[in-house]
Amino acid sequence: MTSSYFSLILTGEPFRLFSPSHVITLILVLCLVVFTYLFRQKLQVPTNRLATRYALAGVLLLSEVCYQLWHVYTGSWTAAYTLPLQLCSVTLLLSAVMLMTRSYELYEITFFAGIGGAMQALLTPELFYPFPHFRFVHFFVAHAGIILACLYMTWVEDYRPTVRSIWKTMGFLNLLLLVALFVNQWTGGNYLFVSRKPDNPSLIDFLGPYPWYIASLEGVAIALFFLLYLPFVRKQPLAKEVRSDLSV
């Protein structure tokens, strides 16, 4: 979506990076992460696990539905911008399915792509609306939900990523990149930011000009994924078969 389009639909002062509302929201997200870790044992109670999984999945799915409906209601829905093909939109939907099905295969992808993409989005949002606009609330709820879903599966369900999971994720992302390139060509959009850089300041600004920043992104993704894997280097990965004592 072009800057001129946003200039038509924006009202009031646009979102500012690291404004008070942005910083406070980041602190709230961090508190939710800490809360999930501290209460991980209580969440392992069978009834709590089931309720938490479906509550998180419900929040993720509802956020996407509300996002699509908001665009329809405001007349801003467009195939060039609103299809759920951005990385965080894809990992949001995968995270919801992962929570409901307890799929280890989806966990392998969402742990790296979901946490990595959502962390970058939270720190440097592609966002034009300030608090308390719906889009501000939706953006941070959706991205925080992705992170919490992955950490829940790690801390409560005892799932663990492996080195192989990193390469599975890279393969998935490159397939998604090809889909995004095709859709961008068809719609004029910029899904996965593979057709041009984001309009808002982001980490991509430091990775070179188009199209070379795409190759840089691949390297950054691999490095980030290995950093996310470091806490699990000395731990045995969970087998694909989920233990019977964890079944709910």
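The values are calculated or read from the model by the stated rules, or taken from the named source; none is laboratory data. These numbers were taken from a predicted model, which means no experiment stands behind them. Cβ atoms come from the backbone with ideal geometry, glycine included; neighbour counts cover every protein chain shown. Side chains are part of the model used for accessible areas, which takes the heavy atoms of the whole protein and leaves out ligands, DNA and RNA. Shrake-Rupley method; radii C 1.70, N 1.55, O 1.52, S 1.80 Å.
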_Set 223, 239, 215: member being at pLDDT below 90, open to solvent by 50 Å² or more (accessible area, probe 1.4 Å) and of a type in the set (A, V, I, L, M)_ = 239
*Test: residue 182 is in contact (Cβ under 8 Å) with a residue 12 or more places away in the chain and out of contact with any Lys or Arg (no Cβ under 7 Å at 6 or more places or on another chain)*: no
*Among all residue pairs at least 6 apart or on different chains, which show Cβ distances below 9 Å where the first residue, located in region 206-218, is of a type in the set (S, T, N, Q) and the second is surrounded by 13 or more Cβ atoms within 10 Å (Cβ to Cβ)?*
216/204; 216/207; 216/208
_In region 133-175, the residues that are open to solvent by 30 Å² or more (accessible area, probe 1.4 Å), of a type in the set (A, V, I, L, M, F, W, C) and touching a Phe, Trp or Tyr at 6+ places or on another chain (Cβ under 8 Å)_ = 134, 137, 155, 163
_Please verify whether residue 75 is closer than 26 Å to residue 43 by Cα, of a type in the set (Gly, Ala, Ser) and modelled with pLDDT of 95 or more, treating the condition exactly as stated._
no
*Pick out, from region 17-88, the helices (runs of 4 or more DSSP H) lying fully within it that include 3 or more residues that are open to solvent by 70 Å² or more (accessible area, probe 1.4 Å) and among the aliphatic types (A, V, I, L, M).*
20-38, 46-74
*asked:* I need a count of the residues in region 174-223 that are in a helix (DSSP H, G or I) and not acidic (Asp, Glu).
replied: 31
*Starting from residues that are at pLDDT below 95 and outside any helix (DSSP H, G or I), keep the ones in region 89-126 and report whichever is least open to solvent (accessible area, probe 1.4 Å).*
125
